[in-house]
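What follows is a short report on a single structure.
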Amino acid sequence: MKKAFYISLTLLLASLLIKCKDTNNGFSPGPGDPRITGTWQLVERYFSKDSANSVLTVNLVTRQDSILVTVGNQVVKRDTLITTYDTIYVRRDTSFYTTKRYASIPPQTLTFDADGKLTASGSEMTYYNPIKYFLVDKTYPDSLFIDFFISTNRANVPVQQGLEFRLDTLMLEPRCDQKCYSKFVRVR
């Protein structure tokens, strides 16, 4: 009797787990800001270009040592200098900041929808491909920020960037050691 009860309970729980589905397929951060909605084309980027260089370095190493020398029947301790060459590879960071400008063909665009969805197109927009949603953060009155939401493990994680508007120009400012930016112009 107990076995039948446990088997039926197990089957009931298994059937409930099988029917368990993610009912929240869509995530909506809310309505988009009317200043940013539309399609924007990338025209310029200022970013850090990473590089590393290994350099062969030869160091002259001198150390003082004592040696024992036999002179006649006596053992004498003498101080001497031993010189060796030490060859090592030193890795140096040669990163620098550069500006890259983009032609209108092929288009590199970001489309901000009125419902908070983001669509990226173009080979230079790979950074924005995993981002599906955005929300303009107006917490700070003197400056704007934008939260890009990356969906990972059924969670939407915000990544914040600076945001500036200048007429029909949009500047996205990721966090860098210096002031990095991506400059876009409004297409439609």
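Working only within the range 139-150, note down all residues that are surrounded by 11 or more Cβ atoms within 10 Å (Cβ to Cβ) and more than 23 Å from Thr99 (Cα to Cα).
Selection gives Ser143, Leu144, Asp147, Phe148, Phe149, Ile150.
Tyr97: within 25 Å of Thr169 (Cβ to Cβ) and at pLDDT below 85, yes or no?
Against the criterion (within 25 Å of Thr169 (Cβ to Cβ) and at pLDDT below 85), Tyr97 qualifies.
If you go through the range 162-183 one residue at a time, how many are over 18 Å from Gly38 (Cβ atoms) and part of a strand (DSSP E or B)?
Matching residues across the range 162-183 total 3.
So is Thr111 part of a strand (DSSP E or B) and out of contact with any Gly (no Cβ under 8 Å at 6 or more places or on another chain) or not?
For Thr111, the condition - part of a strand (DSSP E or B) and out of contact with any Gly (no Cβ under 8 Å at 6 or more places or on another chain) - is not met.
I need a count of the residues in the range 148-172 that are of a type in the set (D, E, K, R) and either free of Cβ contacts under 8 Å to residues at least 12 places away in the same chain or touching a His at 6+ places or on another chain (Cβ under 6 Å) (or both).
Result for the range 148-172: 1.
For the range 151-175, what are the residues that are among the hydrophobic types (A, V, I, L, M, F, W, C), open to solvent by 40 Å² or more (accessible area, probe 1.4 Å) and closer than 16 Å to Phe112 by Cβ?
The answer is Val159, Phe165.
Is it true that Ala103 is open to solvent by less than 30 Å² (accessible area, probe 1.4 Å), within 18 Å of Ser182 (Cα to Cα), free of Cβ contacts under 8 Å to residues at least 40 places away in the same chain and of a type in the set (Gly, Ala, Ser)?
no
If I filter the range 6-46 down to residues being at pLDDT below 70, open to solvent by 90 Å² or more (accessible area, probe 1.4 Å) and part of a helix (DSSP H, G or I), which single residue comes out as farthest from Thr119 (Cα to Cα)?
Step by step, filter the range 6-46, then rank; the result is Tyr6.
The values are calculated or read from the model by the stated rules, or taken from the named source; none is laboratory data. Since the model is a prediction, treat every value here as computed from it, not as a measurement. Neighbour counts run over all protein chains shown; Cβ positions are idealised from the backbone, glycine included. Calculation scope for accessible area: heavy atoms of the full protein, side chains included, ligands and nucleic acids excluded. Shrake-Rupley method; radii C 1.70, N 1.55, O 1.52, S 1.80 Å.
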